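Supplied in structure tokens, the structure appears directly below.
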Amino acid sequence: MSTVQAAVAGPAPGGFSVRLRRLTTYFSKPWNAVLLVLGIVLTISTLAPLAMILLDTVTVHAGSVDDPTGAGGGFTLLNWQDLFGGRLVMVNFVTPLVNTVVMAIIACAGAILYGGFFAYLVTRTNLAFKKYLSAIFIFPYIMPQWTLAVVWDNLFTSREISGGSDGLLAYVFGIHTPSWLAEGIVPSGLVLAMHYAPFAYILIGAIFRNMDANLEEAATILNTPRWKTFTRITLPMVTPAVLSTTLLVFSSAMGSYPVPHYLRLTTLATKYVQMNVNRQGQASILAVTMMLFGIALMVANQLSTSSRRSYTTVTGKSGQSSRVNLGAVGSRVIAVIFLLTTLFTSIYPILAFAFETFLPNPGDYSFLKTGDPSNLTTKWWLTTDNNDGAMFGQYGILFNSLIWGAVGRTLIVAVFTALCAGTIGLLVGYSVAKNRRSRWANWVNNMAFLPYLMPSLAVGVAFFIFGSNLGIFNTLLLLVIAGTVKYIPFASRAALNSMLQLSGEIEESAIIQNIPWWKRMVRIIIPIQKSAIISGYMLPFMSTLRELTLFMLLVSQTQIVTTMLDYFDEMGLYAFSSAINLILIVIILIFNSLVNKLTGASLDKGLGGN
């Protein structure tokens, strides 16, 4: 610009006023303000507990092994030196780490093979009884994680293995299974595999169902053998779903506490609980180790997403679905096999827990031998006198205020967690979708998703230290905060995927009419995508109801119903523990059925359930 032109134009506006106008324009869009606020809140709520747990690893704990003088206070590297260089390094770190990783690998492999194979049969073959099998197959994922672990232990254990009473097979049939099958790393991995197999079925099955059949049809025209078509075309197409399932199952299995606890396997999670009594700093290092696995999984997820190969074809999607004919006999034989496996994983646990509550003593299966009803009892349910020494002063389950009070508090925590996680997740999904090319939006999305990739126990440890420092330990508020941070990813991913499907023109037309932002959300956006948004509220609710690993360090044993399991186990009231498991399963199934009826949403909808 020439000197004359500059003089005519007058003085340039100040840099501050320009920045102020840009800032005002930026925040005039509500989703930008929401993104900023949520980014700050999520960054603090996610990273602050993690920073505290890192600080705890170098803090001197009064009365712990890192405080030889007994003075307390200050900082030390003794925890790191003793854990990695001490004489107990194999017992306290190496063995639990190896067991944890191997257990997670078994769980991943089992879940993908079992769930993925079932998904292929349901979506790409003429398997018999699809609708029933698809609905019943997801039961283990809906039920609490430890359900199959308790059932496995009650079925396969024996006096020689556990030192206690015989399990069902040993007592009734005299079958004594080897110890490696009754407890330890193999059953822990298999139980987690059966628990997460429905998860693999849902993710992989969705890809199988929506897969373009053009490539398979072209291979058939070229007389390509079916096995080669499957390995060279079909499997590569589901690679993204397999990779996602592997990352999510591995992180969840690593942080599992109840399964290795009930099956007597030493992992990082169980070792943490053991060491937290007098080696708090070293226990925090174990939690940091689990956190590092979670961060590594998040990085792996980012890399796989950015470098994922595309299998999109130029032509449109084929209207035909390439289905494999198993034959009249084959389709029924395979269906019968899955009917038997789902009988064990889905139906038998409910029946077993109910039966355990009528046994006069734990492991007394004499009724199955004699058929005499006198070998059963209803005292665990109906006792109104707390003077029975065998019940340790407890009333029967139906009249036990301790149990039902815990059930009520669990429902309160689940409701508030669902409301908080669902609302925040909805706003995160909405604001990230509106700013999808922004680095800040990507950061907020990662902060919302990171807690899900963190093992539950590591997140629980972080909030245990966080809550203790803030003075809210052993309160329902701490449970709601921890549950909200952990389960926001359920709602944010559901909301983000649904918002990306909405054309911007829908909201723009409302903006032209000067309709306020809150009214656009309530009257337009939410009603259009209500199914996905409702699932964003229901998934945190259902998960909170059955959560143990995340909450067990945050409150006393009698506060909520899941932590009460150990309380009754320590008292020897195994019938009460079975009853709590049964109550939880029934509550979860009832709420799941209500959601299906009211919203039409179903985990298996669109696969075999529709």
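Restricting to segment 289-339, and then to whatever is of a type in the set (Ser, Thr, Tyr) and modelled with pLDDT of 80 or more, can you tell me which residue is farthest from residue 129 (Cα to Cα)? So that I can check it myself, show each step before the final result.
Quick first cut of segment 289-339, residues of a type in the set (Ser, Thr, Tyr) only: 289, 304-307, 310-313, 315, 318, 321-322, 331.
Those left that are additionally modelled with pLDDT of 80 or more: 289, 331.
Values: 289: 45, 331: 9 Å.
Checking each candidate, the answer is 289.
Return the only residue of 417, 341 being farther than 26 Å from residue 163 by Cβ, open to solvent by less than 20 Å² (accessible area, probe 1.4 Å) and under 33 Å from the mean Cα position of the chain (by Cα). Even if it seems obvious, please write down each step before you answer.
Values: 341 fails: open to solvent by less than 20 Å² (accessible area, probe 1.4 Å).
After ruling out the rest, the residue left standing is 417.
Select from segment 353-402 the residues that are open to solvent by 80 Å² or more (accessible area, probe 1.4 Å), in contact with a Gly (Cβ under 8 Å, 6 or more places away or on another chain) and free of Cβ contacts under 8 Å to residues at least 24 places away in the same chain and list them in ascending order.
Passing the criteria: 382, 384, 387.
Where in segment 465-576 are there helices (runs of 4 or more DSSP H), lying fully within it, with 1 or more residues that are in contact (Cβ under 8 Å) with a residue 24 or more places away in the chain and surrounded by 14 or more Cβ atoms within 10 Å (Cβ to Cβ)?
Once the helices (runs of 4 or more DSSP H) in segment 465-576 are filtered for at least 1 residues that are in contact (Cβ under 8 Å) with a residue 24 or more places away in the chain and surrounded by 14 or more Cβ atoms within 10 Å (Cβ to Cβ), what remains is 476-500, 517-520, 530-545, 564-571.
From the list 165, 179, 134, pick out the single residue that is polar (S, T, N, Q) and under 25 Å from residue 580 (Cα atoms).
After ruling out the rest, the residue left standing is 165.
Could you identify the single residue in 120, 114, 132, 141 that is in a helix (DSSP H, G or I) and open to solvent by 60 Å² or more (accessible area, probe 1.4 Å)?
132
Separate question: Please state which one of 92, 154 is open to solvent by less than 30 Å² (accessible area, probe 1.4 Å), in contact (Cβ under 8 Å) with a residue 60 or more places away in the chain and touching a Leu at 6+ places or on another chain (Cβ under 9 Å). First the steps, then the outcome.
On the way: 154 fails: open to solvent by less than 30 Å² (accessible area, probe 1.4 Å).
Of the residues listed, the single one that is open to solvent by less than 30 Å² (accessible area, probe 1.4 Å), in contact (Cβ under 8 Å) with a residue 60 or more places away in the chain and touching a Leu at 6+ places or on another chain (Cβ under 9 Å) is 92.
Inspect all residues belonging to segment 195-211 and state whether any of them is at pLDDT 90 or above, among the hydroxyl-bearing types (Ser, Thr, Tyr) and under 25 Å from residue 115 (Cα atoms).
Scanning segment 195-211, I find at least one residue that is at pLDDT 90 or above, among the hydroxyl-bearing types (Ser, Thr, Tyr) and under 25 Å from residue 115 (Cα atoms), so the answer is yes.
The values are calculated or read from the model by the stated rules, or taken from the named source; none is laboratory data. Given the structure is predicted, the values throughout are model-derived calculations rather than measurements. Note that each Cβ is placed from the backbone with ideal geometry, even for glycine, and that neighbours are counted across all protein chains shown. Ligands, DNA and RNA are excluded from the accessible area calculation, which covers all protein heavy atoms including side chains. Shrake-Rupley method; radii C 1.70, N 1.55, O 1.52, S 1.80 Å.
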